[in-house]
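Here is the structure we will look at.
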Amino acid sequence: MLKTEICDLLGIEYPIIQGGMAWVATAELAAAVSNAGGLGIIGAGNAPADFVISEIRKVKKLTDKPFGVNIMLLSPFVEDVIQAVYEERVPVITTGAGNPAKYIPMFKEIGTKIIPVVPSVALAIKMEKYGVDAVIAEGIESGGHVGELTTMVLVPQVVDAVKIPVIAAGGIADGRGFVSAMALGAKGVQLGTVFVCAEECTAHDNYKNAIIKAGDRGTIVTGRITGHPVRIIKNKLAREFVKLESNNSTVEEFEKLGLGKLKIAVVDGDADYGSIMAGQISGMVNEIRPARKIIEDIIGGAKATINSIKEI
Ligand code: TUI
């Protein structure tokens, strides 16, 4: 009943895709999501190609289901990571933080499904012309690097502008969010923050607990002056960023403060001075569950939501 063309396109049971979060989305999480009927994604982030290859091979051992790799286009290793993902014949790639146009033809040639994140209608139209299989319309509610538009306004405008399927991302964590996305015309959803709090996610417990503790106003967007604004949980680091912003600091000072901070949050568990990237939906993520339970709860909740609408 909740199948869409995204399920056929990707060979998955539910149209639920896990965000490809740098450092957080490791092989363990990706395999758990794929085994539970969604699409698990490895986050390449800023990692070198050999790390990405080893994660891909781990996923291949842990599941025989389709999975993907997210390529962060600002990575210093992007060319090598692209080559590695190509050679490993990864079934699906998603891209973030830029325009992947120049890499599309090589992946199309080998049948890899390509799904870029788009923060605007203009980029969605451009990507459709390049022949991508679907787009992810990601709103400013998301964690990490964000665009300007909310999911609520971006998704229907992208849906109206392209013929390829649109996946909604940003601010979705349960069955109500899933149904809302479908009502806006999306054919699937991508969820990040809620999957950080999956049992199988290897992120440090302090990172997970910061999300669980966060309320509705628990996140802030920092770094607008760098051209790459990032949503993080409010902590001591976030306050330092705000201070720099109000002092009219330079982009260099800003980037220096941000350097390496995601890793110390995810791997070392520094919840004060680490960059805890998470979405506004953190306020609704209140427990650690296995990936399979997260997906079951979304599907169960979606069915209940649809039935409650019918009753009206
Ligand atoms: O990429 C993400 N989320 C991310 S990437 C990341 S690592 C990072 N750390 C510090 C600074 C910047 C990145 C953490 N979280 N989500 C997908 C996403 N893509 N959001 C926004 C965009 C985007 C923005 C501009 C996609 C394309 C784009 O195109 C610009 C152009 O060239 O047309």
- Query: In this structure, does ASN99 turn out to be surrounded by fewer than 17 Cβ atoms within 10 Å (Cβ to Cβ) and within 16 Å of the ligand (Cβ to nearest atom)?
  - Reply: yes
- Message: Quick check on segment 62-78. Is at least one of its residues in a helix (DSSP H, G or I), more than 16 Å from the ligand (Cβ to nearest atom) and farther than 16 Å from MET21 by Cα?
- Response: yes
- Only one of LEU9, LEU29, LEU39 that is open to solvent by 10 Å² or more (accessible area, probe 1.4 Å) and away from the ligand (no atom under 15 Å from the Cβ): LEU9
- Query: Based on what the data block shows, is LYS61 among the basic types (Lys, Arg) and touching a strand residue (DSSP E or B) at 6+ places or on another chain (Cβ under 9 Å)?
  - Reply: no
- Message: SER54 - would you say it is open to solvent by 30 Å² or more (accessible area, probe 1.4 Å), among the hydroxyl-bearing types (Ser, Thr, Tyr), out of contact with any Pro (no Cβ under 7 Å at 6 or more places or on another chain) and within 12 Å of the ligand (Cβ to nearest atom)?
- Response: no
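Conditions tested, residue by residue: (1) acidic (Asp, Glu); (2) surrounded by fewer than 22 Cβ atoms within 10 Å (Cβ to Cβ).
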residue	(1), (2)
VAL135	no, no
GLU138	yes, no
VAL166	no, no
ALA173	no, no
LYS187	no, yes
- Residues located in segment 242-270, provided they are touching a strand residue (DSSP E or B) at 6+ places or on another chain (Cβ under 8 Å) and more than 16 Å from the ligand (Cβ to nearest atom): VAL242
- Task: Select from segment 114-134 the residues that are more than 10 Å from the ligand (Cβ to nearest atom), under 17 Å from the mean Cα position of the chain (by Cα) and free of Cβ contacts under 8 Å to residues at least 40 places away in the same chain and list them in ascending order.
- Result: ILE114
- Item | Residue in segment 228-241 that is farthest from the ligand (Cβ to nearest atom), counting only those that are of a type outside the set (Val, Ile, Thr) and open to solvent by less than 50 Å² (accessible area, probe 1.4 Å) | ASN235
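The values are calculated or read from the model by the stated rules, or taken from the named source; none is laboratory data. Note that the coordinates shown come from a computational prediction; the quantities given were computed from them, not determined experimentally. So basically every Cβ, Gly included, is an ideal-geometry build from the backbone, and we count neighbours across all protein chains shown. Each accessible area value is taken on the protein alone, full model and side chains, heavy atoms only, with ligands, DNA and RNA left out. Shrake-Rupley method; radii C 1.70, N 1.55, O 1.52, S 1.80 Å.
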